[in-house]
Amino acid sequence: MKKVSVIIPCRNEVQYIGQCLDSVLKNDYPFHDLEILVIDGMSEDGTREIVRNYFEKHPFIKLLDNPRKITPAALNTGIKHSKGEIIIRMDAHARYPNNYISVLVHYLNELDCDNVGGLWETLPGGEGIIARAIAVATSSPFGIGDAWYRIGTNQIREVDTVPYGCFKRELFDRIGLFDEELIRNQDDEFNARIKKNGGKIFLIPGIKIEYFARDTIRKMIKMFFQFGCYKPLVNIKIGKPATLRQLVPPLFVLYLLSLILILVLKPDIILPALSVLTIYWIISALGSLVYAIKHKKSTFTILLPIIFFLIHSSYGFGYLAGIINFLILKPLSNT
């Protein structure tokens, strides 16, 4: 069998790293053909001690330092130190099925492609009702979009992106490593680079990753702001304009800001101007009611509209901040 290197970037993941490693160790891939590299961003919460405990029992688990403390630097450190013919990128915030490695390796070779991945099931990152509501909102089409790996499929499907990924080592020699300028969205840019170079990416049904959502509103807002902020830079790097779906959140934020100006300058037309926002809240409320009934949680009717709004607005504000930073300020700084 081919040697597989699993690379796991992490930072302050004391709550999740043990579950992640346990799920990897339960995989049916032979240990003598496996190495697990945990690349840690100098954690301060006990994550490193947990990984060292695993290393004492399983020498093929190694702890590497990531002094830059960002994900793409961790990924590149793992790739450079890895020895496998196949590299699988995993996330510490997730659990993986027992056949995850063997199935992905099988299809990577059978389909003769550049990247394969599985479906994504979002789980609550904590026990409280807020954490459960965040998990529901960040896994719904209205909240986060309709990517195939989120909504599911019953057949092997060629796609633009998959969560994390399983790659042949030679791919990195051919198209390069992850872009370390992208603190977020580095997977999007890398997968776009695969497609740009004529490669193929496939989503494999039946393989389901259990991903833990952020457990607090603050962490969720920060994450989606960063996702939005780095999306314009991804579009610049791949030379491809943003899709309409990507532009909806920033346009929504611009609309909200325009309401303030209308209220100040033309208050007589504020009611017609509020029509779009009214429609938005109606759709959000109806969707939230459906999820409240499905999960038997009446509080979702109140929480989910708020969380949906915070997802969309934080991503939108982040996107506008990214346009200012990467399209306006950076070109000026280079002149």
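Residues Phe227, Phe202, Phe178, Phe142: which one is aromatic (Phe, Trp, Tyr), touching a helix residue (DSSP H, G or I) at 6+ places or on another chain (Cβ under 8 Å) and farther than 29 Å from Thr77 by Cβ?
Working: Phe227 fails: farther than 29 Å from Thr77 by Cβ; Phe202 fails: farther than 29 Å from Thr77 by Cβ; Phe178 fails: farther than 29 Å from Thr77 by Cβ.
Result: Phe142 is the single residue among Phe227, Phe202, Phe178, Phe142 that is aromatic (Phe, Trp, Tyr), touching a helix residue (DSSP H, G or I) at 6+ places or on another chain (Cβ under 8 Å) and farther than 29 Å from Thr77 by Cβ.
Within the group Asp65, Asp33, Asp40, which residue is of a type in the set (Asp, Glu), touching a strand residue (DSSP E or B) at 6+ places or on another chain (Cβ under 7 Å) and crowded, with 22+ Cβ neighbours inside 10 Å?
Asp40
Only one residue in Phe326, Phe300, Phe308 is in contact with a helix residue (DSSP H, G or I) (Cβ under 6 Å, 6 or more places away or on another chain), buried (at least 19 other Cβ atoms within 10 Å of the Cβ) and over 17 Å from Ile217 (Cβ atoms), so which one is that?
It is Phe326.
Looking for something in contact (Cβ under 8 Å) with a residue 60 or more places away in the chain, outside the structural domain of Leu303 (by TED's automatic domain parsing) and outside any helix (DSSP H, G or I) - is there at least one such residue anywhere in the stretch 191-199?
Yes, some residue in the stretch 191-199 is in contact (Cβ under 8 Å) with a residue 60 or more places away in the chain, outside the structural domain of Leu303 (by TED's automatic domain parsing) and outside any helix (DSSP H, G or I).
Residue-wise test of (1) of a type in the set (Asp, Glu); (2) assigned to a helix (DSSP H, G or I); (3) not assigned by TED's automatic domain parsing to the domain that holds Gly322.
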| residue | (1), (2), (3) |
| --- | --- |
| Asp188 | yes, yes, yes |
| Leu203 | no, no, yes |
| Glu210 | yes, no, yes |
| Gln226 | no, yes, yes |
| Leu251 | no, yes, no |
| Ser288 | no, yes, no |
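For every residue, the table says whether it meets (1) surrounded by fewer than 16 Cβ atoms within 10 Å (Cβ to Cβ); (2) of a type in the set (Val, Ile, Thr); (3) closer than 22 Å to Cys10 by Cα.
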position	(1), (2), (3)
Thr122	no, yes, yes
Ile130	no, yes, no
Lys168	no, no, no
Asp173	yes, no, no
Glu180	yes, no, yes
Asn191	no, no, yes
Gly198	yes, no, no
Gly206	yes, no, no
Asp215	no, no, yes
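The values are calculated or read from the model by the stated rules, or taken from the named source; none is laboratory data. Computed from a prediction, not measured in an experiment: that's the story for all the values here. Backbone-built Cβ (ideal geometry, glycine too); neighbour counts: all protein chains shown.
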